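Visitor: One structure, as structure tokens, below. Some questions next.
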Amino acid sequence: SVLRMLGRFVNPGWVHVLRPSLRAMSGQEVKRRRVESLSVGMVGFGSIGKVIAESLNSGAISGVSLGAVIVQNERSERPPEIGTAVLTTSIEEFLAADWFLCVEVAGQPWIRDHGKTVLAQGRDLLVTSVGVFTDDQLLEDLTSTARGSNSRLLLPAGAMPGLDWMSSAALDEVEEITLEQRKRPEGWRGTPAEKHLDLTTLTEEATVFQGPARKAASEFPKNANIAAALALGTVGLDKLQVRLVADPTVPGPTNRVTLKGRCGELSLEVRGKPLSQRTSRIVPFSVLKALKNLSSPLSIGL
């Protein structure tokens, strides 16, 4: 057989990569994982969820539809953005609905409580609250569940610019990488920043936090998800150094990233537009871009 002829030259560990092509050559049908129609089950319906729902129901992404939405509290009126999708507060009803990919836009607790169940059902799970994975054991548990269930755990770039280039560069040697996040003072309300800063009277920039990404994302779970995403995609949660800044002079969230390594040097700044006090407007569109790539035969920027 072809495999036997190649056996002297090919590492046995590569055989599983070769077999699908060999089956195709022999006329046998090859199963494809991509589906022509992708139905989404969305967790949460805040500022991010509304943009996603409205885009999906307007037909902005061909072949992607909204199948169900789970919210924490009952609503007196049905939001028009969700169209005909199932709307529920019941986890049982949500999991019983007809959808294939779960999009989380509700916060870290939901992932801890229900992420493993979604993956165990063979459904894909896209997580925007990436900071939840400062818990190494949780990340390992969900990854292991996905592996055993033929599902996928997906982490979008969100508001993290240049993540594709930096995660590629991290496969080679990286000498230095830093991240600085600036938000207006009101964006740090309800966080540990209030313990040492008077955010209501701040007239100049002040450092809210400086240290490793793991601690930044743990202590600021609604503010520093991009720190976790960058760390997981590059040098790790304990090596990436992060500075969080309250700055009354910036009009919106501003992210500055530098990387120096064997692949080159990168230095960039993104002055984003806010979707809410803590969220960049780009975040829901990052999710929509991921859905477009997952549902299309053409994927750009992987």
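Visitor: Here are W165, W110: which of them is more than 18 Å from K222 (Cβ to Cβ), assigned to a helix (DSSP H, G or I), in contact (Cβ under 8 Å) with a residue 24 or more places away in the chain and more than 14 Å from the chain's Cα centre (by Cα)?
Guide: Just a single option satisfies the conditions, and that option is W165.
Visitor: Does A97 satisfy the criteria of being open to solvent by less than 30 Å² (accessible area, probe 1.4 Å) and more than 18 Å from P284 (Cα to Cα)?
Guide: Judged against the criteria, A97 is a match.
Visitor: Return the total of residues in the stretch 47-78 being part of a loop (DSSP other than H, G, I, E, B) and modelled with pLDDT under 95.
Guide: 13
Visitor: Could you look through the stretch 109-140, keep only residues that are among the β-branched types (V, I, T) and over 17 Å from P156 (Cα atoms), and pick out the one that is surrounded by the most Cβ atoms within 10 Å (Cβ to Cβ)?
Guide: Filtering first and then ranking leaves V118.
Visitor: So, V105, is that one without any contact (Cβ under 8 Å) to a residue 60 or more places away in the chain, under 15 Å from A229 (Cβ atoms) and open to solvent by less than 60 Å² (accessible area, probe 1.4 Å) or not?
Guide: On the way: without any contact (Cβ under 8 Å) to a residue 60 or more places away in the chain: no; under 15 Å from A229 (Cβ atoms): yes; open to solvent by less than 60 Å² (accessible area, probe 1.4 Å): yes.
It is false that V105 is without any contact (Cβ under 8 Å) to a residue 60 or more places away in the chain, under 15 Å from A229 (Cβ atoms) and open to solvent by less than 60 Å² (accessible area, probe 1.4 Å).
Visitor: Any residue in the stretch 268-280 that is over 21 Å from I61 (Cβ atoms) and among the aliphatic types (A, V, I, L, M)?
Guide: yes
Visitor: Please pick out the residue among T279, T254 that is among the hydroxyl-bearing types (S, T, Y), open to solvent by less than 10 Å² (accessible area, probe 1.4 Å) and more than 24 Å from D172 (Cβ to Cβ).
Guide: One residue alone meets the criteria, T254.
Visitor: What is the residue count in the stretch 129-162 for residues that are within 18 Å of G236 (Cα to Cα) and either β-branched (V, I, T) or part of a strand (DSSP E or B) (or both)?
Guide: The number of residues fulfilling the criteria is 6.
Visitor: If you don't mind, another one. Scan the stretch 141-153 residue by residue and report those that are surrounded by fewer than 19 Cβ atoms within 10 Å (Cβ to Cβ) and within 16 Å of the chain's Cα centre (by Cα).
Guide: The answer is T143, R152.
Visitor: Follow-up. Which of (1) at pLDDT 95 or above; (2) touching a helix residue (DSSP H, G or I) at 6+ places or on another chain (Cβ under 8 Å) does E265 not meet, given it meets every other one?
Guide: For E265, the exception is condition (2).
Visitor: Which number in (1) more than 27 Å from E104 (Cα to Cα); (2) in a loop (DSSP other than H, G, I, E, B) marks the one condition that T258 misses?
Guide: (2)
The values are calculated or read from the model by the stated rules, or taken from the named source; none is laboratory data. The structure presented is a predicted model; accordingly, all values stated were derived computationally and were not measured. Reconstructed Cβ throughout: ideal geometry from the backbone, glycine too, with neighbour counts over all protein chains shown. Each accessible area value is taken on the protein alone, full model and side chains, heavy atoms only, with ligands, DNA and RNA left out. Shrake-Rupley method; radii C 1.70, N 1.55, O 1.52, S 1.80 Å.
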